[in-house]
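Down below is the structure, laid out as structure tokens.
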Amino acid sequence: MVAPLAPPPPDLAPAPATRERTAADPVLACARCGHAITRPAARVARGGAHVHTRINPYGYVFQLGCFDPAEGCAPEGPATLEHTWFAGHAWRLGTCRACGEHLGWRFEGETGVFWGLILDRLREA
């Protein structure tokens with residue numbers, strides 16, 4: 001059994017869903033096309049941290065940041081538990097809704113839904 005995570009510190013807590021974005025709010029965008037993906041305020045901690053370094057079965061290394069939500073990402077394909085990086089969470093690919101670039105993975109499971117986004121495929125806009 002996984003112990004519940006403590007709430008993230010205020011600077012990592014997601015912004016209230018009802019808050020409207022203003023021009024002053026920073027956005028994390030797809031590095032390829034500039035489409036808005038998420039906000040720094042949507043950072044969340046999973047497995048005790050916001051940033052994780054993971055290696056896939058083919059040996060590729062990814063540095064991920066966990067976010068909730070990431071409205072600019074689209075989940076692709078069926079969810080699977082095979083080779084998951086977060087115990088109890090099935091994953092599916094996450095792509096940019098504008099250009100289709102692979103930006104990370106959507107994880108669904110015991111602690112709800114969150115996105116593991118590849119940090120070098122995002123840029124602040």
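The values are calculated or read from the model by the stated rules, or taken from the named source; none is laboratory data. Predicted model only: the values in this text are computed from it and were never measured. All Cβ positions, even for glycine, are placed from backbone atoms using ideal geometry, and neighbour counts span all protein chains on display.
Couple of notes before you dig in:
- Scanning the range 4-55 for residues that are assigned to a loop (DSSP other than H, G, I, E, B) and modelled with pLDDT of 95 or more turns up Val27, Ala31, Arg32, Cys33, Gly34, His35, Arg39, Val44, Ala45, His50.
- Here His83 fulfils each of the conditions (1) outside any loop (DSSP other than H, G, I, E, B); (2) in contact (Cβ under 8 Å) with a residue 12 or more places away in the chain; (3) of a type outside the set (D, E, K, R) apart from (1).
- Being touching a Leu at 6+ places or on another chain (Cβ under 8 Å), modelled with pLDDT of 95 or more and among the acidic types (Asp, Glu) is a condition met by no residue of the range 96-107.
- Just one residue in the set Pro69, Pro75 is in contact with a Lys or Arg (Cβ under 7 Å, 6 or more places away or on another chain) and modelled with pLDDT of 95 or more; that residue is Pro75.
- Of all residues making up the range 109-118, the number that are surrounded by fewer than 17 Cβ atoms within 10 Å (Cβ to Cβ) and within 14 Å of the chain's Cα centre (by Cα): 2
- Of the residues making up the range 88-103, those that are outside any strand (DSSP E or B) and either under 14 Å from the mean Cα position of the chain (by Cα) or charged (D, E, K, R) (or both) are Arg97, Glu101.
- In this structure, Glu124 does satisfy being touching a residue at least 60 places away in the same chain (Cβ under 8 Å), among the acidic types (Asp, Glu) and either surrounded by 13 or more Cβ atoms within 10 Å (Cβ to Cβ) or within 20 Å of Pro40 (Cβ to Cβ) (or both).
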